[in-house]
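A.B. asks: The following block contains the structure, expressed as structure tokens.
Just so it is clear, none of the values below were taken in a lab; they were calculated from the coordinates. Here the structure is a predicted model, which means the values were calculated and not measured. FYI the Cβ positions are ideal-geometry reconstructions off the backbone, even for glycines, and counts take in every protein chain you see.
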Amino acid sequence: MQKSISPVPLMVGVTGHRDISDNEKSRLIPHISEVFNDIQLIAPHTPIHLLTPLAKGADRLAAEAAIQKGIPFIAVLPMQQHLYESDFQDPDDLNEFRRLLGRALRVITLPLYKDNTEVDISHDSPARNLEYAKVGAYISDHSAVMIALWNGWEPESEDSAEVGGTEQIVRYRIMGSMKGFYEPDLILQAPDYNNIIFIFTRREFKQNHIQEIPADLKDRFSVEQRTGENSYHILSPPIWRDDISGGEW
């Protein structure tokens with residue numbers, strides 16, 4: 001008997017800010033859904049799976065949008081669940097995390113980074129921030145397309161970037177490395193396919209820096225703005241356009 005072969009899913013990752021206001025959340029979910037719609041139009045016979053760490057804010061908004069679209073999502077946790085949950089001190093925050101975790105198609109728990117121990121990451125610390133950087137890099141490495149809910153702010157230098165923060169993960173997605181932290185497996189890394197979709201996002205507790213795509217990123221990738229009510233920017237290398245126009249997906 002011939003076995004049926006299921007199509008390989010297209011993996012979509014997410015990174016973004018945690019401190020997003022309720023008003024901004026209601027604005028962002030339709031934008032994320034629009035991204036899913038566009039991917040489905042490009043690849044109508046390819047299933048989509050979302051990779052998300054389910055942190056508060058952007059990660060959960062992407063999960064909610066996926067649920068609304070009937071798209072399965074995989075929860076990728078940076079550490080064991082009982083350690084990760086110390087991030088969610090508010091009972092409603094914790095309950096939301098557990099509710100979404102229960103909806104996940106699969107849960108992947110990453111091992112601790114290098115010499116980190118549970119004691120090292122049991123509180124806010126540089127060691128714990130390395131775990132957030134690690135999970136962001138993992139999702140980037142395993143995603144064909146990545147959605148970034150970002151306010152467009154850049155630090156004065158790479159050295160001053162927040163470890164594990166959205167800007168650092170965006171830079172990793174584009175450049176393929178994190179200074180002093182993470183060098184990818186060059187055999188597995190495919191920089192020509194590092195497509196990233198920017199949905200500009202206002203933060204609740206920090207000054208917003210909504211701006212144009214940084215010039216050096218424009219120089220590296222082609223930039224297209226999808227216009228309309230739920231607009232976004234897509235950065236992609238030319239080979240991506242060649243593939244979709246040739247029906248490879």
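A.B. asks: Defining a contact as two alpha carbons under 8 Å apart and six or more residues distant in sequence, what relative contact order in percent does the stretch 1-67 show?
C.D. replies: The value is 49 percent.
A.B. asks: Which distance in nm do the two modelled labels at Glu118 and Ile29 give, with both placed 7 Å along the Cα-to-Cβ direction?
C.D. replies: 3.6
A.B. asks: How far apart, in nm, are two points set 7 Å out from the Cα along the Cα-to-Cβ line at Asp19 and at Gln89?
C.D. replies: Simple spin-label model gives 1.3 nm for this pair.
A.B. asks: Using amide H atoms built 1.01 Å from N in the peptide plane, name the residues 5+ places from Ile108, or on other chains, whose amide H lies under 5 Å from its own.
C.D. replies: Ala75, Val76, Leu77
A.B. asks: Same structure again: How do Met146, Met175 rank when sorted from fewest to most other Cβ atoms within 10 Å of their own Cβ?
C.D. replies: Met175, Met146
A.B. asks: Determine, for Lys114, Lys69, Lys56, the number of other Cβ atoms within 10 Å of each Cβ, and report the residues in order from fewest to most.
C.D. replies: Lys114, Lys69, Lys56
A.B. asks: So, one more: Using Cβ contacts closer than 10 Å as the measure, can you line up Leu61, Leu83 from fewest to most?
C.D. replies: Leu83, Leu61
A.B. asks: Same structure again: Hey, can you grab everything whose amide H is under 5 Å from the amide H of Gly16? Only 5+ residues off in sequence or another chain; H modelled, so Pro and N-termini drop out.
C.D. replies: The answer is Leu149.
A.B. asks: Okay, next question. Stokes-Einstein D for the stretch 59-109 at 20 °C, 1.002 mPa s, Kirkwood Rh over Cα pairs, in µm²/s?
C.D. replies: 189
A.B. asks: As an exercise, take the mean of 1/r over every pair of distinct alpha carbons in the stretch 1-145, invert it, and state the Kirkwood radius in angstroms.
C.D. replies: With all distinct Cα pairs of the stretch 1-145 included, I get 16.2 Å.
A.B. asks: Something else: Please compute the length gained on full extension between Ser125 and His82, using 0.36 nm multiplied by the number of residues separating them and subtracting their Cα-Cα distance. Could the numbers behind the result be given before it?
C.D. replies: Working: separation 43, 0.36 × 43 = 15.48 nm, distance 1.70 nm.
Stretched fully, the Ser125-His82 segment lengthens by 13.8 nm.
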